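S.K.: Here it is: the structure, laid out below.
None of the figures in this text is laboratory data; all of them are computed from the coordinates on show. Being a predicted model, the structure only gives us computed values, none of them experimental. Positions of Cβ are backbone-derived with ideal geometry, glycine not excepted, and every protein chain shown enters the neighbour counts.
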Amino acid sequence: MARPGCPDPLGSTWLDDLGGQPKPSTISDPRSSGAPPMAVKVYVVYYSMYGHVAKLADEIKKGASSVEGVEVKVWQVPEILSEEVLGKMGAPPKTDVPTITPQELAEADGVLFGFPTRFGMMASQMKAFFDATGGLWREQSLAGKPAGVFYSTGTQGGGQETTPLTAVTQLTHHGMVFVPVGYTFGAKLFDMDKVQGGSPYGAGTFAGDGSRWPTEMELEHAFHQGKYFAGITKKLKGSSA
Ligand SMILES: Cc1cc2nc3c(=O)[nH]c(=O)nc-3n(C[C@H](O)[C@H](O)[C@H](O)COP(=O)(O)O)c2cc1C
């Protein structure tokens, strides 16, 4: 039901379903608490059907873990396709990387989200996970926290830029601070001799027909993104851990 001041032209009850309009954020500044510094928690949260995004996630984890005082946890989001459909798509069995719940996401100080593209945008498994974060949105639990993205596409024109760019809407509604990797990786991003994934939005790879795997440069970019992002998360948290 629409509420005063919040007309709902669709006449739907989605705001009520989510528990009403968002509340003001209750983020506190850890610098003012006088408490001993706590480890900075960076979560790497991904969906990967065939393993390319998972490979980038491993490297991102290594990069983020290289920053002192940063603890990194890698998670996958829940699958939404049936075993039958996954079988028809030739998907290998799931790995033992733990599956995250929306509530667990709120424990992170910063989150790097990874996903393969589907028609130029994030795979619906990741979108379904975001769709399940309405409770976090209502509490604005993620507001002010840094977030970055990494991704895989099949082809060069298949979504290396549209996939991360369209993901920014998810982060924006949560009030997360989008941290692109920019050109901080340096000269290698200007190399025109080889086909290479990744962009100023984040690390990326091309899966091709599935047989191409992240190159050394793409993995280095992923490591760099993890390290760069962890450094920013640490600064934003204001921790000396
Ligand atoms: C339904 C479907 C749609 C896809 N759409 C695109 C696309 O728009 N552009 C593209 O480059 N690749 C597309 N792909 C290829 C996937 O992005 C590729 O399989 C993925 O990047 C591999 O990553 P993963 O191994 O982590 O699953 C599509 C694949 C599927 C199954």
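S.K.: For residue 88, go through the lysines and keep the ones whose alpha-carbon is under 22 Å away, minus same-chain ones fewer than eight residues off.
M.R.: Leaving aside lysines fewer than 8 places away in the same chain, those within reach of residue 88 are 127.
S.K.: Rounded if a/c is under 1.5, else prolate if a/b is larger than b/c, else oblate: which is region 127-176, with a ≥ b ≥ c the root eigenvalues of its Cα gyration tensor?
M.R.: Prolate, since a/c reaches 1.5 and a/b exceeds b/c.
S.K.: What distance in nm separates the two pseudo spin-label positions at residue 96 and residue 192, each 7 Å out from Cα along the beta-carbon direction?
M.R.: Result for the modelled spin labels: 4.8 nm.
S.K.: Check cross-link reach from residue 61 to the lysines: straight Cα distance under 16 Å, and skip same-chain residues fewer than eight apart.
M.R.: Residue 61 reaches 41, 73, 227, 234.
S.K.: Return 50, 151, 228 ranked ascending by Cβ neighbour count within 10 Å, so the fewest neighbours appear first.
M.R.: On the way: 50 15, 151 31, 228 20.
With the sparsest Cβ surroundings first, the list reads 50, 228, 151.
S.K.: Based only on other Cβ atoms within 10 Å, what is the fewest-to-most ordering of 137, 213?
M.R.: Fewest-to-most Cβ neighbours within 10 Å comes out as 213, 137.
S.K.: Over region 38-237, what is the percentage of antiparallel beta bridges among all DSSP beta bridges, to the nearest 5?
M.R.: Working: 3 of 27 bridges.
If we restrict to bridges inside region 38-237, about 10 percent are antiparallel.
S.K.: Hey, another quick one. Can you put 109, 58, 96 in order of Cβ neighbours within 10 angstrom, beginning with the fewest?
M.R.: Working: 109 21, 58 16, 96 7.
Ordered from fewest to most neighbouring Cβ atoms within 10 Å, 109, 58, 96 come out as 96, 58, 109.
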